[in-house]
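Working notes, structure below.
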Amino acid sequence: MQQSSVKVIVISISNPILIGIYEENILVKTISKEGKTSDVLPSLFDDILINYDGQEVYYVSGPGSYMAIKIAYIFLKTISIVNEIELYALSGFDFNNNSPIKALGKKFFFREMIDSEEKILIQPLENSKIEEFALPLDIKNIKFTENTLPEYNLPAV
């Protein structure tokens, strides 16, 4: 019997780190772990690689914690090359109902449409409810890109 296609989604730009295991585009397992991306991802992927075949890995490439994005990219790119697994990138806004994402201090990333083009802005935010990241139950309509390079969205210096 042939195993179904397994997809893994990694959201490492906040704590706890969230990983979703999807079979036939339906969430079958959620992994949530507090800690640094550099400490958490290797131990979690050790189990994932042992227990699941035929993965595609999707990771949130931004915006968010620059260090978490860098570590996740380097780790997952290495895993994808060594294990011949496809790697794709996702936007963090697709996992928190387009809510602002923490940048630095009291500043947050916002996604807005400007002149029919999507832009990421950095603005201060006080006293507003920020939605937590969540894994969707179904990913058949997930928006991803094959450009897996991190999107840091750094402001001009």
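The values are calculated or read from the model by the stated rules, or taken from the named source; none is laboratory data. In this text, all values refer to a predicted model and were calculated from it rather than measured experimentally. As a convention, Cβ positions derive from the backbone with ideal geometry for all residues, glycine included, and neighbour counts pool all protein chains shown.
Pairs please, first residue from region 43-69 and free of Cβ contacts under 8 Å to residues at least 40 places away in the same chain, second anywhere and surrounded by 15 or more Cβ atoms within 10 Å (Cβ to Cβ), Cβ atoms under 7 Å, 6+ apart in sequence or on different chains.
Note: pairs meeting the criteria are Leu44/Ile19; Leu44/Ile31; Phe45/Ile79.
Any chance you could count how many residues in region 50-104 are part of a strand (DSSP E or B), of a type in the set (Val, Ile, Thr) and farther than 18 Å from Leu27 by Cα? Steps first, please.
Let us first name the residues in region 50-104 that are part of a strand (DSSP E or B), namely 55-60, 86-90, 101-102.
Going one step further and asking which of them are of a type in the set (Val, Ile, Thr), we end up with 57, 60, 101.
Within this subset, residues satisfying the condition of being farther than 18 Å from Leu27 by Cα are 101.
The total comes to 1.
Please determine, by comparing only the residues of region 111-129 that are surrounded by 10 or more Cβ atoms within 10 Å (Cβ to Cβ) and under 23 Å from Pro150 (Cα atoms), which one is modelled with the lowest pLDDT. Show your work before the answer.
Taking region 111-129 and keeping what is surrounded by 10 or more Cβ atoms within 10 Å (Cβ to Cβ), we get 111-112, 118-123, 125.
After this cut, where a residue has to be under 23 Å from Pro150 (Cα atoms) as well, the list is 111-112, 118-123.
Values: Arg111: 89, Glu112: 88, Glu118: 82, Lys119: 88, Ile120: 89, Leu121: 88, Ile122: 88, Gln123: 88.
That would be Glu118.
More than 15 Å from Lys7 (Cα to Cα), touching a helix residue (DSSP H, G or I) at 6+ places or on another chain (Cβ under 6 Å) and among the hydrophobic types (A, V, I, L, M, F, W, C): does that describe Ile71?
yes
In region 27-68, how many are over 29 Å from Lys119 (Cα atoms), surrounded by 15 or more Cβ atoms within 10 Å (Cβ to Cβ) and of a type in the set (A, V, I, L, M, F, W, C)?
8
Checking Pro63 against (1) farther than 16 Å from Ser14 by Cβ; (2) within 13 Å of the chain's Cα centre (by Cα), which test does it fail?
Pro63 satisfies every listed condition except (1).
When you scan region 12-49, how many residues do you find that are aromatic (Phe, Trp, Tyr) and in a strand (DSSP E or B)?
Taking region 12-49 as the starting set, the residues that turn out to be aromatic (Phe, Trp, Tyr) are 22, 45.
Remaining after also requiring in a strand (DSSP E or B): 22.
Residues in region 12-49 being aromatic (Phe, Trp, Tyr) and in a strand (DSSP E or B): 1 in total.
Got a number for residues in region 68-85 being over 17 Å from Ile50 (Cβ atoms) and under 13 Å from the mean Cα position of the chain (by Cα)?
6
Answer with yes or no whether Gln55 is at pLDDT below 95 and within 14 Å of Leu76 (Cβ to Cβ). Break it down into steps so the answer makes sense when it comes.
Values: at pLDDT below 95: yes; within 14 Å of Leu76 (Cβ to Cβ): yes.
Here the answer is yes, as Gln55 does meet what is asked.
Restricted to region 105-128, and to residues that are assigned to a loop (DSSP other than H, G, I, E, B) and in contact with a strand residue (DSSP E or B) (Cβ under 6 Å, 6 or more places away or on another chain), which residue is nearest to Ser65 (Cα to Cα)? Show your work before the answer.
Looking only at region 105-128, we keep the residues that are assigned to a loop (DSSP other than H, G, I, E, B), and these are 105-106, 115-116, 125-128.
Keeping just the survivors that are in contact with a strand residue (DSSP E or B) (Cβ under 6 Å, 6 or more places away or on another chain) gives 106, 125.
Values: Lys106: 14, Leu125: 17 Å.
Checking each candidate, the answer is Lys106.
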